[in-house]
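Trainee: Next up is a structure, given as structure tokens.
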Ligand code: BV8
């Protein structure tokens, strides 16, 4: 049997027993949305933005240096997100949650596709691109007229920005401790579609490994944790996850 296939059956056994008692935690990154047509952070961004460093645009410094450019970059991304649909990988994770007594989905993604796929217990570590915030509060998408080419001012006088966590900004209060607790109270952590480069989210698999929790990684490309996890399944999440969850449903 191919190692990948053997891994999938073994993981299905672990998920079946974890769904009953131990609990399942999942950490997702941009890769889980790539089959929905949303560019990941570190693949080449096509079109107008080629050659820009996303980490520079996704930062307070980048916004202050060129608010119109950052505003248009997020407007472009928001358009892609709004036109995208959850893919079979998102749907499989929502199904796995229905099959599990204790299930937490921790995502680095800001596209809300897990919510649209039907997942319920979600921790968004990096915010939500469809909303806005200013330096004092959150604002819903409806607060801003479409088609602007630079950030409008909030009535508090500060410029509006996307409601996401930029590099150099702290995560939402309590998000990391909630995520860490969810990982430590599970018997399996699935790490899906992340390059494992962004902290502190990237520390979660190591926390699980330290605690002796089984860690399963799904990614078409090996990452810094691939040699340390219990099972590395090489493949796209949109193909691997539905197959894995169908094996759990058969048991
Ligand atoms: C913070 C929102 C306190 C914005 C994002 C140590 C500790 C703490 C902080 C740091 C630290 N070291 C450095 C830092 C600073 C920084 C950081 O981590 N820098 C890195 C780049 C070195 N961290 C921070 O600033 C964080 N804040 O800790 O506050 C602090 C602050 C400063 C200094 C110290 C402490 C805030 C980080 C949040 C940044 N915001 N997003 C936006 O979206 O515009 S992060 C951004 O990257 C996205 O959320 C993205 O999801 C995330 C992580 O990337 P990935 O999801 O992994 O995506 P990537 O493209 O990299 O990889 C995609 C993967 O998918 C690949 O592996 C690919 O093979 C795979 N794939 C492709 N197709 C598929 C697939 N997998 C499965 N199926 C497929 N079909």
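The values are calculated or read from the model by the stated rules, or taken from the named source; none is laboratory data. Quick caveat, the model's predicted, so the values are computed rather than measured. For neighbour counting, all protein chains shown are included, and Cβ atoms are generated from backbone atoms with ideal geometry for every residue, glycine included.
Trainee: Give the residue, chosen from 3, 67, that is modelled with pLDDT under 90 and over 29 Å from residue 178 (Cβ atoms).
Mentor: 3
Trainee: If you check every pair at least six apart or on different chains, which have Cβ atoms under 6 Å apart with a residue in the range 228-251 that is in contact (Cβ under 8 Å) with a residue 40 or more places away in the chain first and a residue that is surrounded by 16 or more Cβ atoms within 10 Å (Cβ to Cβ) and part of a strand (DSSP E or B) second?
Mentor: Taking only residues 6 or more apart or on different chains, the pairs are 231/216; 232/217; 233/218; 237/192; 237/218; 240/218; 240/233.
Trainee: Kindly list the number of the only condition in (1) in contact with a helix residue (DSSP H, G or I) (Cβ under 9 Å, 6 or more places away or on another chain); (2) part of a loop (DSSP other than H, G, I, E, B); (3) at pLDDT below 90 that fails for residue 56.
Mentor: Going through the list (1) in contact with a helix residue (DSSP H, G or I) (Cβ under 9 Å, 6 or more places away or on another chain); (2) part of a loop (DSSP other than H, G, I, E, B); (3) at pLDDT below 90, residue 56 breaks only (2).
Trainee: Please state which one of 178, 247 is surrounded by fewer than 18 Cβ atoms within 10 Å (Cβ to Cβ), within 18 Å of residue 114 (Cβ to Cβ) and away from the ligand (no atom under 13 Å from the Cβ).
Mentor: On inspection, the qualifying residue turns out to be 178.
Trainee: Can I ask one more? Need the failing condition index for residue 54 against (1) more than 15 Å from the chain's Cα centre (by Cα); (2) surrounded by 20 or more Cβ atoms within 10 Å (Cβ to Cβ); (3) closer than 28 Å to residue 241 by Cβ, just the number.
Mentor: (2)
Trainee: Within the range 154-173, is even one residue within 16 Å of the ligand (Cβ to nearest atom), part of a loop (DSSP other than H, G, I, E, B), free of Cβ contacts under 8 Å to residues at least 12 places away in the same chain and closer than 30 Å to residue 100 by Cα?
Mentor: Looking through the range 154-173, at least one residue is within 16 Å of the ligand (Cβ to nearest atom), part of a loop (DSSP other than H, G, I, E, B), free of Cβ contacts under 8 Å to residues at least 12 places away in the same chain and closer than 30 Å to residue 100 by Cα.
Trainee: Being out of contact with any strand residue (DSSP E or B) (no Cβ under 8 Å at 6 or more places or on another chain) and surrounded by 20 or more Cβ atoms within 10 Å (Cβ to Cβ) is the filter here; which residues of the range 110-137 pass it?
Mentor: 113, 117
Trainee: Can you pull out the residues in the range 138-153 that are over 24 Å from residue 201 (Cα atoms) and either in contact (Cβ under 8 Å) with a residue 24 or more places away in the chain or surrounded by fewer than 12 Cβ atoms within 10 Å (Cβ to Cβ) (or both)?
Mentor: Answer for the range 138-153, where residues must be over 24 Å from residue 201 (Cα atoms) and either in contact (Cβ under 8 Å) with a residue 24 or more places away in the chain or surrounded by fewer than 12 Cβ atoms within 10 Å (Cβ to Cβ) (or both): 139, 140, 142, 145, 146, 147, 148, 149, 150, 151, 153.
Trainee: With respect to residue 133, is the statement that it is within 15 Å of the ligand (Cβ to nearest atom), over 30 Å from residue 190 (Cα atoms) and out of contact with any helix residue (DSSP H, G or I) (no Cβ under 6 Å at 6 or more places or on another chain) true?
Mentor: Taking the combined requirement at face value, the residue satisfies it.
Trainee: For the range 201-221, what are the residues that are free of Cβ contacts under 8 Å to residues at least 40 places away in the same chain, assigned to a helix (DSSP H, G or I) and either closer than 15 Å to residue 187 by Cβ or more than 16 Å from the chain's Cα centre (by Cα) (or both)?
Mentor: Answer for the range 201-221, where residues must be free of Cβ contacts under 8 Å to residues at least 40 places away in the same chain, assigned to a helix (DSSP H, G or I) and either closer than 15 Å to residue 187 by Cβ or more than 16 Å from the chain's Cα centre (by Cα) (or both): 206, 207, 209, 210.
Trainee: Sticking with this one: Only residues that are more than 15 Å from the ligand (Cβ to nearest atom), crowded, with 17+ Cβ neighbours inside 10 Å and farther than 18 Å from residue 125 by Cβ: list them for the range 201-230, please.
Mentor: Listed by number, the residues that qualify are 213, 214, 230.
Trainee: Still on this structure: Read through the list (1) modelled with pLDDT under 90; (2) assigned to a helix (DSSP H, G or I), then give the number of the only condition that residue 44 fails.
Mentor: (2)
Trainee: From the list 191, 233, 198, pick out the single residue that is within 16 Å of the ligand (Cβ to nearest atom), part of a strand (DSSP E or B) and under 17 Å from the mean Cα position of the chain (by Cα).
Mentor: Matching residue, one of 191, 233, 198: 191.
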